[in-house]
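**Student:** The structure follows.
The values are calculated or read from the model by the stated rules, or taken from the named source; none is laboratory data. None of these values were measured; they are calculated from a predicted model. Neighbour counts are summed over all protein chains in view; Cβ atoms, including those assigned to glycine, are modelled from backbone coordinates with ideal geometry. Just so you know, the surface numbers come from the protein's heavy atoms only, side chains and all, with ligands and any DNA or RNA stripped out. Shrake-Rupley method; radii C 1.70, N 1.55, O 1.52, S 1.80 Å.
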Amino acid sequence: MFNVSATLNVSRLLSNPKLCLPHLSVKSFDNLPIPFEIPGHDGVQIKGVVIDKDNCFAKDRDDKVWPAYSETWKRLTETYPAEHLLIVSNSAGTNDDTNYEQASKLEKDTGVTVLRHPTKKPGCHNEIRSYFKKQGITKASEIVVIGDRLFTDMLMANMMGSWGIWLSEGVELSQKVFPKFERNLYNRLVTLKKTPTKPPTPSLK
């Protein structure tokens, strides 16, 4: 479905492209450093974890943990309390999810809450903050967002003042137009520059 939120918010990148950049990039979900650490920021304590679904821990349009990631998923759920994990998808839990049937099934299968949000990423950051505040996580800098998209997941992380971990390939390397464009942009801003562009650093206060 058309993502109005992404279309409106991506205009921020015209004047500030670093807003879409991650604080850490790994190839896929099974390469995540658990418990989470942000290179160069030893004082960071991650308490809340936002996890994208499609092409992250699950294959596109599938609602179960990808078999190759089962050990990583187990380590994640053993390291962080269930209420400190939150699945935020632009499919499950949105208005496209009739009666939230997909979200309910995903919760049953994974044991992790799926955010219900009428506004798609990156515009649902207020709902995410509200959820974590109820769990006693009041600082945005205590939250990390994990996802495979720069223009939704990483943009949202930076808009929140949180940390972002980008899965540069995910379950499978997407050949769709926007993911390819995002990878090219990342290369131009980070990989190919003598002085790489860096994302904003969240305030630890």
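**Student:** Give me a count of the residues in the stretch 18-52 that are more than 14 Å from the chain's Cα centre (by Cα), outside any loop (DSSP other than H, G, I, E, B) and surrounded by 16 or more Cβ atoms within 10 Å (Cβ to Cβ).
**Tutor:** 1
**Student:** Determine which single condition D62 fails, assuming it passes every other condition in (1) open to solvent by 50 Å² or more (accessible area, probe 1.4 Å); (2) assigned to a loop (DSSP other than H, G, I, E, B); (3) free of Cβ contacts under 8 Å to residues at least 40 places away in the same chain.
**Tutor:** (1)
**Student:** Checking the structure you have, find out if any residue of the stretch 66-80 is in a loop (DSSP other than H, G, I, E, B) and of a type outside the set (F, W, Y).
**Tutor:** Within the stretch 66-80 (the criterion being in a loop (DSSP other than H, G, I, E, B) and of a type outside the set (F, W, Y)), the answer is no, since none of the residues qualifies.
**Student:** If H84 satisfies every condition in (1) under 16 Å from D148 (Cα atoms); (2) within 16 Å of the chain's Cα centre (by Cα) but one, which is the exception?
**Tutor:** H84 satisfies every listed condition except (1).
For every residue, the table says whether it meets (1) modelled with pLDDT of 95 or more; (2) surrounded by 19 or more Cβ atoms within 10 Å (Cβ to Cβ).
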position: E127; (1), (2): yes, no
position: R149; (1), (2): yes, yes
position: M160; (1), (2): yes, yes
position: W166; (1), (2): yes, yes
position: K194; (1), (2): no, no
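**Student:** Looking at the stretch 190-205, I want the residues that are closer than 18 Å to M154 by Cα and have a partner that is modelled with pLDDT of 95 or more and aromatic (F, W, Y) with Cβ atoms under 9 Å, at least 6 apart or on another chain. Which pairs are those?
**Tutor:** P199/W163; P202/W163
**Student:** Working only within the stretch 135-158, note down all residues that are within 12 Å of the chain's Cα centre (by Cα), in a helix (DSSP H, G or I) and aliphatic (A, V, I, L, M).
**Tutor:** Listed by number, the residues that qualify are L150, M154, L155, M156, A157.
**Student:** Any residue at all in the stretch 96-103 that's surrounded by 16 or more Cβ atoms within 10 Å (Cβ to Cβ) and in contact with a helix residue (DSSP H, G or I) (Cβ under 7 Å, 6 or more places away or on another chain)?
**Tutor:** yes
**Student:** For the stretch 81-95, which residues satisfy the criterion of being within 19 Å of I165 (Cβ to Cβ), open to solvent by 30 Å² or more (accessible area, probe 1.4 Å) and outside any loop (DSSP other than H, G, I, E, B)?
**Tutor:** H84
**Student:** Here's a follow-up. Give the stretch 168-187 a look and list any residue that's among the small types (G, A, S) and crowded, with 18+ Cβ neighbours inside 10 Å, or say none. Break it down into steps so the answer makes sense when it comes.
**Tutor:** We begin by selecting, within the stretch 168-187, every residue among the small types (G, A, S); these are 168, 170, 174.
G170, S174 - these are the residues of the stretch 168-187 that are among the small types (G, A, S) and crowded, with 18+ Cβ neighbours inside 10 Å.
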